[in-house]
Amino acid sequence: MENKSDVVAHRRMPGLIKLVLMVMVALPSAVHVPTGDKAYATDARSKVSAAFQNCATGTRQACVVDGDTIWLDGQKIRIADIDTPEVSEPRCSSELALGNRATDRMLELINEGPFELRGWPGRDTDRYGRKLRVLVRDGRSLGNILVSEGLARTWSGRREPWC
């Protein structure tokens, strides 16, 4: 024979199941990240369509700093899958020349049409607070295009000298 508390608990079970099901249905829409202008900051994937310019001559709304760093809507983003030569503090003239070519090429690639910003697995930001993202168009990393053209290296986890 069941005791009274078991019977009460059993009668509450359909209500509890109904509540759990309602929460499961409502939760995805409650935590949905909007796909507006700021989605890149929190979403693993978001589509970007903006006219980028060189950061040296433009605002920090949509510009390319160098081959592996951009600004979008006031947020600095590190292109996570590549490393390119430095242009702000190069260690030699050949690094500066290659860095300028990488910067110009990234600017061209970004402005060829909409692309996705995809999150970097396991890390959202780097030690400088930049968002870590991979730029992808039609399933291909824009960074890998720079690598194939000799203007970047695949990111190995640490910087390597260019001189």
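The values are calculated or read from the model by the stated rules, or taken from the named source; none is laboratory data. Computed from a prediction, not measured in an experiment: that's the story for all the values here. Because the Cβ atoms are built from the backbone with ideal geometry, glycine has one as well, and the counts that use them run over all protein chains shown. With ligands, DNA and RNA removed, areas are computed over all heavy atoms of the protein, side chains included. Shrake-Rupley method; radii C 1.70, N 1.55, O 1.52, S 1.80 Å.
I'd like the residue in segment 92-103 that is within 27 Å of ALA50 (Cα to Cα) and touching a residue at least 24 places away in the same chain (Cβ under 8 Å) and, out of all such residues, is most open to solvent (accessible area, probe 1.4 Å). If we take residues in segment 92-103 being within 27 Å of ALA50 (Cα to Cα) and touching a residue at least 24 places away in the same chain (Cβ under 8 Å), then ARG101 is most open to solvent (accessible area, probe 1.4 Å). Any residue at all in segment 148-155 that's open to solvent by 40 Å² or more (accessible area, probe 1.4 Å) and either touching a Phe, Trp or Tyr at 6+ places or on another chain (Cβ under 7 Å) or part of a helix (DSSP H, G or I) (or both)? Yes, segment 148-155 contains at least one residue that is open to solvent by 40 Å² or more (accessible area, probe 1.4 Å) and either touching a Phe, Trp or Tyr at 6+ places or on another chain (Cβ under 7 Å) or part of a helix (DSSP H, G or I) (or both). Where residues in segment 127-158 are touching an Asp or Glu at 6+ places or on another chain (Cβ under 6 Å) and in contact (Cβ under 8 Å) with a residue 60 or more places away in the chain, which of them is nearest to LEU107 (Cα to Cα)? Per the stated criteria, the residue is GLY143. Where strands (runs of 3 or more DSSP E) sit wholly within segment 6-118, those with at least 1 residues that are at pLDDT 50 or above and basic (Lys, Arg) occupy 45-48, 75-79. The number of residues in segment 105-126 being in contact (Cβ under 8 Å) with a residue 24 or more places away in the chain, open to solvent by 30 Å² or more (accessible area, probe 1.4 Å), more than 11 Å from the chain's Cα centre (by Cα) and over 12 Å from ASP68 (Cβ atoms) comes to 4.
For segment 75-91, taking the residues that are under 14 Å from the mean Cα position of the chain (by Cα) and more than 17 Å from GLU160 (Cβ to Cβ), the one that is most open to solvent (accessible area, probe 1.4 Å) is identified as LYS76.
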